[in-house]
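Reviewing the structure listed below.
The values are calculated or read from the model by the stated rules, or taken from the named source; none is laboratory data. Everything quoted here is computed from the prediction, not taken from an experiment. Here Cβ is always computed from backbone atoms with ideal geometry, including for glycine, and neighbour counts include all displayed protein chains.
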Amino acid sequence: MKEMKNDNYKTMAALAAQVKGFLAEDEGEALYNLALEAASQGPCLEIGSFCGKSAVYLGTACKIKGVTLFTIDHHLGSEEQQPGQLYFDPEIYDERKGEIDSFPLLRETLRKAELENTVVPMVTWSKVAARNWTTPLGLVFIDGGHSYEAALTDYLCWNEHLVPGGYLIFHDIYLDPAKGGQAPYEVYKKAVASSQFDELPMVNSLGILKKRHAVMF
Ligand code: MG
């Protein structure tokens, strides 16, 4: 039986539903619940903020627990979001600058969701943000560039900061190649093969891994 959701949860989900993005409602709910649990172990971090749809779920859980959500995005859009491409959206195209800029919409979302004191946007590339990073993380959500190279970089840059017991979550994991690109899944499989994680049941296209505690000999 599904747990009854309180009014605060419903308000959050209704707000998230109005935000542009590619996250399904059940995926948002899973992110929210995982972040609630993970936040006791450290702050959370996501790669791929876009307009803040997932940041509403993750950030609200972090706010409840009193920890920070870091969210990384260069905000220049993916390859498929560029003018003339399949996912081009004129509402995130800055005519004056002649480029995609999703950052204003992220700020608007964080303001509406009252998350400005909880979510720290990092307007840069994952690799740059990771360069001098030292803070242990309770949860890492990988939903940035969907090329193999980008997803692999995100995994390699951030997994080392994930605490034992923390969650490593990938978006857009499609077991059937007909349903979507396979690059995130390839990286997900690489993570599983590393024996550092326990695999949890998927939620829609969320691949969920829990980092194991190191075995001492
Ligand atoms: Mg995604």
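From the set of residues in region 38-54 that are more than 16 Å from the ligand (Cβ to nearest atom) and either among the polar types (S, T, N, Q) or surrounded by fewer than 17 Cβ atoms within 10 Å (Cβ to Cβ) (or both), which is farthest from ASP154 (Cα to Cα)? Here the answer is SER40. None of ARG96, ARG111, ARG131 is of a type in the set (D, E, K, R), surrounded by fewer than 20 Cβ atoms within 10 Å (Cβ to Cβ) and within 21 Å of LEU15 (Cα to Cα) except ARG111. Could you tell me which numbered condition GLU80 fails, if it satisfies all but one of (1) modelled with pLDDT under 95; (2) assigned to a helix (DSSP H, G or I); (3) in contact with a helix residue (DSSP H, G or I) (Cβ under 9 Å, 6 or more places away or on another chain); (4) among the charged types (D, E, K, R)? So the condition that GLU80 fails would be (3).
Looking only at region 82-91, decide whether some residue is acidic (Asp, Glu) and more than 16 Å from CYS157 (Cα to Cα). Looking through region 82-91, at least one residue is acidic (Asp, Glu) and more than 16 Å from CYS157 (Cα to Cα).
Does ASP172 count as part of a helix (DSSP H, G or I) and under 12 Å from the mean Cα position of the chain (by Cα)?
Numbers: part of a helix (DSSP H, G or I): no; under 12 Å from the mean Cα position of the chain (by Cα): yes.
No: the conditions fail for ASP172.
Within region 184-200, the set of residues being over 16 Å from the mean Cα position of the chain (by Cα), crowded, with 16+ Cβ neighbours inside 10 Å and either in a helix (DSSP H, G or I) or among the aliphatic types (A, V, I, L, M) (or both) comprises ALA191 only. Restricting region 70-93 to residues that are among the small types (Gly, Ala, Ser) and surrounded by 11 or more Cβ atoms within 10 Å (Cβ to Cβ) leaves a set whose member that is farthest from LEU115 (Cα to Cα) is SER78.
Does region 204-217 include one or more residues that are in contact (Cβ under 8 Å) with a residue 24 or more places away in the chain, out of contact with any Phe, Trp or Tyr (no Cβ under 8 Å at 6 or more places or on another chain) and within 16 Å of the ligand (Cβ to nearest atom)? Yes; the residues of region 204-217 include at least one that is in contact (Cβ under 8 Å) with a residue 24 or more places away in the chain, out of contact with any Phe, Trp or Tyr (no Cβ under 8 Å at 6 or more places or on another chain) and within 16 Å of the ligand (Cβ to nearest atom). Return a yes/no flag: does region 93-113 have any residue that is touching a Ser or Thr at 6+ places or on another chain (Cβ under 9 Å), over 26 Å from LEU209 (Cα atoms) and without any contact (Cβ under 8 Å) to a residue 24 or more places away in the chain. The answer is no, given that none of the residues of region 93-113 is touching a Ser or Thr at 6+ places or on another chain (Cβ under 9 Å), over 26 Å from LEU209 (Cα atoms) and without any contact (Cβ under 8 Å) to a residue 24 or more places away in the chain. If you go through region 14-23 and keep only what is surrounded by fewer than 18 Cβ atoms within 10 Å (Cβ to Cβ), more than 10 Å from the ligand (Cβ to nearest atom) and not in a helix (DSSP H, G or I), you end up with GLN18, LYS20.
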